[in-house]
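Here is the structure we will look at, set down as structure tokens.
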Amino acid sequence: MKIAVCVKQVVTREWPLRIDDAATWVQDRDASFEMNEPDAYALEEALRLKERHGGEVVVCSAGPARVAQVIREALARGADRAIRVESDRLAAADGGMVAEALASAMRDEAFDLVLTGLQSDDQGFAQTGVVLAELLEIPHATIIMEVQVTDGTLRVKRELEGGWFQWVSMPTPALLTIQSGINQLRYATLKGIMAAKKKDVRVVEPSPDLTPHQEILELYVPEKGKQTRLIEGSPGEAAIELVRVLREEARVI
Amino acid sequence: MIVGGGPAGLSAAIRLATRQQHDGGEPLSIAVLEKSRQSGSHMLSGAVLDPSGLDELLPDWKTRGAPVETQVRGDRIYYLTERSQLRFPPIPSSLDPFQNHGAYIISLNRFVRWLSEQAEAEGIDIFTGFAGTDVLYDGDRVVGVRTGDRGIDKHGERKGTFEPGVDIHAAVTIFADGVRGNLTKTLVQKLGLDGPAPQTYAIGIKELWEVPPARLDAGTVMHTMGYPLRSEEFGGGFIYALPEGKLAVGFVVGLDYRDPLFDPHMAFQRFKQHPLITELLTGGEMVRYGAKALPEGGWYAIPRCHVDGALIVGDAAGFLNSMRLKGIHLAMKSGICAADAAFEAVRAGDVSASALATYQELINTGSVRRELYPVRNVHQSFGGGMLAGLAFSGLSLLTGGALPRGRLSSEPGHRRLTWMARYYRTEHPDPDVSSNAVKVDRAVTFDKLTNVHYSGTRHDEDQPVHLLVQDTDICRTRCREEYGNPCVRFCPANVYEMVPEDAGADGGTGRRLQINASNCVHCKTCDIMDPFQIIDWVPPEGGGGPEYEGM
């Protein structure tokens, strides 16, 4: 099976975030970066599928030159080769734009399966995978908890709300967006790191026509509010009113 | 094989590659092991760089785009009292204790990352995320190191992702595992390599600030003495001004203080509360935090650094000039000397201690000894109090170290820590309150937990505790009574906490030790300063630790 995994490089979760001077993105010049967490699980799932069914794993990423870091990490963990779409314009791009950049670089490869993380740790739109599937004209399923492959057919477990799951069968080629925690992440080994240096990384430039679909107008820290309300009435009435307010207005119980 | 990807280890690696290119012959395979997730993540220093080591290693560093840009332009030394300060008049450069002429203010994190890029471009393998946990021997000959197992849970059981450690054998192993390096520590103990004097240490605590423009010109270097330390404590503050309103603000305290209730982190807060410093920081923002021990013992505290099959370089050996407050250039030079010795030895097919003794000769006949020998007694002299130390330093500088004569005796710093009853005599202080406690305002001053957040420290929570306390019963009984659990105070990352327990339990004092290992910033202070010497710092799972981006 020829599997593609799309990974995004994001600012590490431990990084104390600050908003940049233009108030449209976080200050990331001095930030420390890592692989987006759900994408790491997608990569692990791809490696496990390859181990079971054979084939190759191609890691794909779009962003400025610094994303070479996560590509290298993925290759050290066992991906076979990589495609990197490089442009500074992709640094904080919206999901649609990233999907277009990836789609044009991936289309000719005719992958059997494309895995992405469910969403990114930074913007969290959960759109890149879905839009990418549309652009590649293949079906997709989201929030995947388990993947089974038999004779070119997929059976996948989707996470619904409230502890419910849904099993879906679908043909390949297809795209799945993987939920965090679906498997246990492996470590890069010394051998893997050495081998990664020799693996092929195809660097492509995105089309000059690529334009954003969204614009971040302003980024701000959530405003903290504080409100005091006195509930009148007898203790009994006040208690009933208090429960109603907590349940219906504050929605905390 | 080089263990540790700091300035010393990477200099050794790059020098080996350069020698290889220059001298030809059978290609050497050169590998660097580094415990941090990315190159440079665990690097912490002031930092003022004397570029002489860099000039020697990569003379074309400017065209290679080294992140070494901010030249030191103004050097100010202050003596602080609680409310005011005295600025020392400009000192003629021959007597300037720091010798900052031609030096640069750098981010050691950035510098080391750049060095690692230079090394990788030479084809050197740098394995980040791998800690060396054991030295491999054949008899007394070092034959390599073992990396740590990964994927062990907090009960010591294997997880599904278990990845066993690997034995890496090498003709020559260069230990560059930094101050109080976990491997160098066992190597020195096993082979009895101690220098004539015990190593003494200090702890440096640093924050990176962004302040409104024009507070301090980039290139300005400030050092302070005096407040908040008393004359019995060694150390002082520093502020180094980087471009774009960035200030490196730090405080260094000798790990040989006597007061068991003293807290170095509190001393740093008090330093920032001084009007001279508060004025620079107010309205700014603290953006990074870190702490690291540094070796201050000087020339006589350096162990024998060559053994069969191995060499010790950099802070691991103690190549630091405590009078100039600089060690990066000496770390680099020691790495270069070690690489030259190792290269010759491997080529000659003899990696015995006597063949590797070339390293010692290169150190002795070169600029490392020329710089360290004249100041060999400076730190020890401060053992007699700060004024005696200052007078000594001056005399020592004037005479090139010839006077006063001989070698001052010194003892390991943790032995100077005094029992509470002896230090406080008739008073009965609360062991849960630091003697120099201040109330933090979370604007200029911070508590340890807030600070730790800004160190970017991260460890997998489900792994064995990497701070091995041999006997926690001592913590809840003797240590609490005698020293009031100083670990709670000397740890700058809130790793050690004494939490309530049933007072009557087995003769306890009502508190027991809790170790918050995932806060650890790998500074090594606990391993050094524990009065009972029962704390062993061993590396956590590779990749864990602080993230000193930009520090």
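The single condition among (1) more than 28 Å from B:GLY40 (Cα to Cα); (2) surrounded by 24 or more Cβ atoms within 10 Å (Cβ to Cβ); (3) of a type in the set (Gly, Ala, Ser) that B:GLY283 does not meet is (2). Within 14 Å of another protein chain (Cβ to nearest Cβ), touching a residue at least 12 places away in the same chain (Cβ under 8 Å) and assigned to a helix (DSSP H, G or I): is that true of A:ALA76 in this structure? Taking the combined requirement at face value, the residue satisfies it.
The residue that is farthest from the other protein chains (Cβ to nearest Cβ), among those in region A:159-183 that are open to solvent by 80 Å² or more (accessible area, probe 1.4 Å) and not in a strand (DSSP E or B), is A:GLU161. In the condition set (1) within 30 Å of A:ASP21 (Cβ to Cβ); (2) among the charged types (D, E, K, R); (3) modelled with pLDDT under 95; (4) open to solvent by less than 20 Å² (accessible area, probe 1.4 Å), B:GLU244 is compliant with all but (4). Where residues in region B:296-319 are out of contact with any helix residue (DSSP H, G or I) (no Cβ under 7 Å at 6 or more places or on another chain) and open to solvent by 10 Å² or more (accessible area, probe 1.4 Å), which of them is farthest from the other protein chains (Cβ to nearest Cβ)? Out of the qualifying residues, it is B:TYR300. Scanning region A:208-245 for residues that are surrounded by fewer than 11 Cβ atoms within 10 Å (Cβ to Cβ) and among the charged types (D, E, K, R) turns up A:ASP209, A:GLU215, A:GLU218, A:GLU223, A:LYS224, A:LYS226, A:ARG229, A:GLU232. Residues that are over 21 Å from the mean Cα position of the chain (by Cα), more than 13 Å from chain A (Cβ to nearest Cβ) and open to solvent by less than 50 Å² (accessible area, probe 1.4 Å) within region B:448-468 are absent altogether. For B:ALA293, the stated conditions hold: it is open to solvent by less than 30 Å² (accessible area, probe 1.4 Å), assigned to a strand (DSSP E or B) and within 26 Å of B:ALA12 (Cα to Cα). Tell me which residues, restricted to region B:105-131, are in contact with a Ser or Thr (Cβ under 6 Å, 6 or more places away or on another chain) and not β-branched (Val, Ile, Thr). Correct list: B:LEU108, B:ARG113, B:SER116, B:PHE130. For region A:113-132, the set of residues classified as within 20 Å of A:LEU154 (Cα to Cα) and open to solvent by 60 Å² or more (accessible area, probe 1.4 Å) is empty.
Regarding region B:539-547, can at least one residue be identified that is on the phi > 0 side of the Ramachandran plot, within 14 Å of chain A (Cβ to nearest Cβ), within 18 Å of the chain's Cα centre (by Cα) and at pLDDT below 95?
Within region B:539-547, not a single residue is on the phi > 0 side of the Ramachandran plot, within 14 Å of chain A (Cβ to nearest Cβ), within 18 Å of the chain's Cα centre (by Cα) and at pLDDT below 95.
If you check A:ARG202, A:ARG186 for being among the charged types (D, E, K, R), within 14 Å of another protein chain (Cβ to nearest Cβ) and open to solvent by 40 Å² or more (accessible area, probe 1.4 Å), only one passes: A:ARG186. The residues of region B:136-178 that are of a type in the set (A, V, I, L, M) and either touching a residue at least 60 places away in the same chain (Cβ under 8 Å) or assigned to a loop (DSSP other than H, G, I, E, B) (or both), listed by number, are B:VAL142, B:VAL143, B:VAL145, B:ILE152, B:VAL166, B:ILE168, B:ALA170, B:ALA171, B:VAL172, B:ILE174, B:ALA176. Please find, among B:GLY65, B:GLY5, the residue that is among the small types (Gly, Ala, Ser), open to solvent by 40 Å² or more (accessible area, probe 1.4 Å) and at pLDDT 95 or above. Checking each option against the conditions leaves just B:GLY65.
The values are calculated or read from the model by the stated rules, or taken from the named source; none is laboratory data. The structure presented is a predicted model; accordingly, all values stated were derived computationally and were not measured. Neighbour counts are summed over all protein chains in view; Cβ atoms, including those assigned to glycine, are modelled from backbone coordinates with ideal geometry. Surface areas here come from the heavy atoms of the whole protein model, side chains and all, with no ligands, DNA or RNA. Shrake-Rupley method; radii C 1.70, N 1.55, O 1.52, S 1.80 Å.
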